[in-house]
1. How far, in degrees from 0 to 90, does helix 157-185 lean away from the longest principal axis of the Cα atoms of the chain, to the nearest 10?
2. In nm, to one decimal, how far is the F41 label point from the T147 one, both placed 7 Å along Cα→Cβ?
3. Can you tell me, using C-alpha contacts under 8 Å and at least 6 residues apart, the relative contact order of the chain as a whole percent?
4. Take peptides 130-138, 27-35 and line them up by average Cβ neighbours within 10 Å, highest first, as a rough protection proxy.
5. Which of L167, L74 comes first, and how do the rest follow, when ranked by fewest Cβ neighbours within 10 Å?
6. Near L40, within a Cβ-to-Cβ distance under 11 Å, what is the net charge of the other residues, with Lys and Arg +1 and Asp and Glu -1?
7. Cα axis of helix 3-26 to longest principal axis of the chain: angle in degrees, 0 to 90, nearest 10?
8. Going through the cross-link list K32/K89; K37/K155; K37/K154; K154/K215; K92/K215; K91/K155, which pairs have a Cα-Cα distance over 22 Å in this structure?
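Where a number appears in this text, it was derived from the coordinates with a stated rule and is not lab data. All of these numbers come straight from a predicted model, not from anything done at the bench. Here the Cβ positions follow ideal geometry from the backbone for every residue, glycine too, while neighbour counts run over all protein chains shown.
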Amino acid sequence: MDQETLIILRNFSTIIELVSAILGTIFYSKYKNSVLKFFLFYLWFIVLLEISGYIIVEYRLVENNAWLFNLFYLISFTFLFYLYSAIVKNKKKKRIIQFSSILYLLIFVINGFFENYLTSSQTIPFIVASALLIVAIIFYFVGILSTEKVLHAKKNLLFWISIGFLLFYAGSIPFRIALNYYANIGGFNELFSINYLLIIVLNICFIIGFIWSDKKQSY
C-alpha cells in the first residue's frame, strides 16, 4: 500500500472518530442517566489525543509521541475495566474484571523497567489488557444471553459499543504482535492500514449504537 492511501485511511479514521464523538454528544440524552454517561468524555478524549498526536508529529514538538499513547491506553483500559465491572451483575465475574484491572496496572508499572514509557509503545501491557478486556466483554454478552435483554440487544447502545471493542481489540492483539516483526523487515504501511481499518469499524459500531438504540438506555 502506498503512502498516500495510508494517509487517506488515517485521516478518515480521525474524521470518523470526530463524527462518533459529535453523535455521542447529540444523543447524550439516551444514556446520560446510565453508567455510560462517562463514555462521552472517553470519546472526546480520543479526539483530543489524535489531534495532539498529529500536532506533535507534524510540528516536531517532540521526537517521539509514544508516551502520549501509553498514557491514553493506561486511562482507556482503566476506564473500560471500570465500565464492565459496573455493568456485569455476576459477583464472581465482576471480581474477575476488577482483578484484571489491578493486574493490568501492575504489569504496566513493571513493564516500565524494561520499556521506556517516553519512547516505546508498551506492547506487553497492551496485549494483556486487550485479552482481559475481551474476557470482560464476553462476560457481558453471556449475561444478556441468559435474560430477555437479548431480544432487544440491537436497540441497546452498550451492545454496539461492546461489539466494536470486541472487534477492535481482537484485531489489535495480532497487530501489536506483528508490529515488532515488521519493524525489522519493513511493511509498516500494510500493517497500519489494518489498524486504521479497525478504528473505522470500531467507530461505525459506536455510530450505529447512537443512532439505532432506544431513546432511554438501562443496563
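1. Around 20 degrees separate the two axes.
2. Output for this residue pair reads 2.5 nm.
3. On the way: 227 pairs, mean separation 65.2, N = 219.
Taking the mean separation of contacting Cα pairs over the length of the chain, I get 30 percent.
4. Packing proxy ranking, top to bottom: 130-138, 27-35.
5. Values: L167 15, L74 19.
With the sparsest Cβ surroundings first, the list reads L167, L74.
6. Its environment carries a net charge of +3.
7. 30
8. Numbers: K32/K89 20 Å; K37/K155 17 Å; K37/K154 19 Å; K154/K215 13 Å; K92/K215 31 Å; K91/K155 26 Å.
Among K32/K89; K37/K155; K37/K154; K154/K215; K92/K215; K91/K155, the Cα-Cα distance tops 22 Å for K92/K215; K91/K155.
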